[in-house]
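Before any comments, here is the structure.
Throughout, read-outs are computed from the coordinates displayed, never taken from laboratory work. Note that the structure is predicted; figures quoted are calculated from it, not measured. As a convention, Cβ positions derive from the backbone with ideal geometry for all residues, glycine included, and neighbour counts pool all protein chains shown.
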Amino acid sequence: HRKYVAFQPVQKTDRRWPDQVIQHAPTWCAVDLRDGNQALVKPMTVAQKQRLFDLLVKLGFKEIEIGFPAASQPDFDFCRKLIEENRVPDDVRIQVLTQARPELIARTYEALEGAKNAIVHVYNSTSTVQREKVFRMDREGIKEIAVNGARIVKSHAEKQPGTNWTFQYSPESFTGTELDFAAEVIDAVNEVWRPDQGQPVIINLPATVEMATPNVFADQIEWICDNVKYREHFQISVHTHNDRGCAVAAAELAVMAGADRVEGTLMGNGERTGNMDLVTMAMNLYSQGIDPTLDLSGMAEITDVVEACTEIPTHPRHPYAGELVFTAFSGSHQDAIRKCLSTYKEGDKWEIAYLPIDPRDLGRRYEEVVRINSQSGKGGVAYVLERDYNIAMPRWLQIEFSKVVQQAAETEGGEVDSDTIHRLFEEKYLAV
Ligand code: KIV
Ligand code: ZN
C-alpha cells in the first residue's frame, strides 16, 4: 500500500510513560454539546442540549464545552439561555469553541456576556497537510493566525472583566504537525497570554484524526510537555478521536505521559468514529481503584439521556454501559461466576471471574449476569432456579434438568428466561 505511509515514531529514548500508572483522574471536559453535536445527523434541539447539559452537571463535570456560538445560531442561543436563566452552577465553567478569526472571536464574547466562569477555546489548524493543501500557507503564516487569535481573545476578555476567563488554544490537527512547530506555536500563544503571570491557560492537543498507535501519541504529548515554555503554569489537555479505535488508550497513555486534562464525550459520540469515550476511561480508572471524580452509578439514566439526545442507540457490547457487558451465557463462565459470587461478601476485594467490576457499582443487577441459552450449562440453570425460586438442586438433578433446559433452548433458538425454566422444572418434577 504505497499510497499509505506509516507514521514515523517520535525519537525519544528517555520516555517516562511506559513505567507509569495513572495516579489520579485528569480534569475532564465534556464536549458532547459541541464535537458530539456537530457530528449528529440531526443536531440536538435546545431542549435536548439542556437535558444533556443537566446530566453532565449531575455526573460531576466541571468543564463543559457547550457549542460554537459564532458559527451556529442555535449554539449562540443555547449559550445565552444558560447564562440568562442562570443554569450554570458556580463551580462549572462553560467552554465555547471559536476559530482564530477576529469577527468570530467578537461574536463569541457576545455569546458569553455575563457568564461567571468561561473558557474561550480558540483553534487553528497546524498540520503539514492543512498548511500545504488547505490554507496554502507557510509555518510563519499559520503561527501568525494563532498569535493574532490569542491577542484578540485577550483584548476582548479585558473589556469584559466581570467573567473569570480561562483561555484555551488548540493546534488543530496536532497529530499531523511537526513537534518542533507545534511547540513554537504554543510558545508564541503563551507569550501573548502569559500563564506565568496568573492567566489560566489550557493548551489542548487534539488527535483530530487518530493517525498512529497510542504509544506514538503518548510520545508526542511527552515531547511537548518537555519542550514548551511555562509548562508548570498551564494545563496540557488531550482531545482524542477514535479513527483507529484507540481513542481511550491514547488518552490514557497521554495522561501517563504528562497530560493534565482529557476532553471527550459520553459513549464516544463525535466526528466520524467518535471522540474519546468518557464513560470508558472514567470506569477504567475506577476499576483500578482511582476515584474518577464522576458519578457514573446511574448508568441506565446515562444511556437513556444520551440515547434520547443523540438519537444513537447504545451498542449492547459498549464497555460498562451495554446491555450484555456483564452477562454470561456460556456454561463455564456461569459456573465460575456462581462459585466466586457464592463466597463474596460486601467489602471484600472484587475478585470475581469474568466480571471486571461489580455491576452494582453502575446501578446494574446481578440478575443480568447469568442468562440462559443453548450455550449454558448446569451451573447457570441451577443458579437461576436458586436465585429466583429458592430451589436448590442436588448435583445429579442439575445434570439431568440442564439437559431439559438445553433442549428447550435449542428448540426455541434463543434465550430461556427464568419463568420458563421454572415452568419446565414444575412440569418435569412437580406435576401431579
Ligand atoms: O478534533 C479536533 O481537533 C477538535 C478541535 C476543534 C479541538 O475538535
Ligand atoms: Zn474533535
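Structural remarks
- First in the stretch 18-45 and within 21 Å of Thr280 (Cα to Cα), second anywhere and aromatic (Phe, Trp, Tyr), Cβ under 7 Å, 6 or more apart: Trp28/Phe61; Ala30/Phe61; Leu33/Phe53; Arg34/Phe68
- In the stretch 165-186, of all residues being farther than 22 Å from Ala115 by Cβ and polar (S, T, N, Q), the one that is nearest to ligand 1 (Cβ to nearest atom) corresponds to Ser173.
- If you go through the stretch 181-220 and keep only what is within 22 Å of Ala150 (Cα to Cα), within 16 Å of ligand 2 (Cβ to nearest atom) and touching a helix residue (DSSP H, G or I) at 6+ places or on another chain (Cβ under 7 Å), you end up with Ile203, Leu205, Pro206, Ala207, Thr208.
- Residues of the stretch 126-153 that turn out to be out of contact with any Pro (no Cβ under 8 Å at 6 or more places or on another chain) and under 22 Å from His239 (Cβ atoms), as a count: 14
- The sole residue among Glu271, Glu311, Glu301 that is touching a residue at least 60 places away in the same chain (Cβ under 8 Å), within 16 Å of ligand 1 (Cβ to nearest atom) and surrounded by fewer than 17 Cβ atoms within 10 Å (Cβ to Cβ) is Glu271.
- Options Asn227, Asn215: the member that is more than 14 Å from ligand 1 (Cβ to nearest atom), surrounded by fewer than 23 Cβ atoms within 10 Å (Cβ to Cβ) and more than 28 Å from Gly322 (Cα to Cα): Asn227
- If only residues of the stretch 166-180 that are assigned to a strand (DSSP E or B) and of a type in the set (S, T, N, Q) are counted, the one that is nearest to ligand 2 (Cβ to nearest atom) is Ser170.
- Enumerated helices (runs of 4 or more DSSP H) restricted to the stretch 290-400, each holding at least 1 residues that are over 25 Å from Phe53 (Cβ atoms), over 28 Å from the mean Cα position of the chain (by Cα) and not aromatic (Phe, Trp, Tyr): 331-343, 378-389
- Out of Val209, Val238, Val189, one residue alone is within 16 Å of ligand 1 (Cβ to nearest atom) and in a helix (DSSP H, G or I). It is Val189.
- The stretch 388-416, residues that are in contact with a strand residue (DSSP E or B) (Cβ under 8 Å, 6 or more places away or on another chain) and free of Cβ contacts under 8 Å to residues at least 24 places away in the same chain: Ala408
- Matching residues, the stretch 36-63, being within 16 Å of ligand 1 (Cβ to nearest atom) and either buried (at least 24 other Cβ atoms within 10 Å of the Cβ) or of a type in the set (Gly, Ala, Ser) (or both): Gly36, Asn37, Ala39
- Residue tally, condition away from ligand 2 (no atom under 15 Å from the Cβ) and at negative phi, over the stretch 247-265: 8
- Residue tally, condition in a loop (DSSP other than H, G, I, E, B) and within 16 Å of His241 (Cα to Cα), over the stretch 269-289: 7
- A Cβ distance below 6 Å, combined with a sequence gap of six or more or placement on separate chains, defines the contacts here; from the stretch 166-190, residues that are closer than 15 Å to Thr240 by Cα reach residues that are within 14 Å of ligand 2 (Cβ to nearest atom) and hydrophobic (A, V, I, L, M, F, W, C) in the pairs Phe174/Leu205; Thr175/Ala207; Thr175/Met211.
- The stretch 328-354: number of residues that are of a type outside the set (Val, Ile, Thr) and either within 19 Å of Ile372 (Cβ to Cβ) or crowded, with 18+ Cβ neighbours inside 10 Å (or both): 16
- Restricting the stretch 133-143 to residues that are assigned to a helix (DSSP H, G or I) and out of contact with any helix residue (DSSP H, G or I) (no Cβ under 9 Å at 6 or more places or on another chain), the residue that is farthest from Trp193 (Cα to Cα): Lys133
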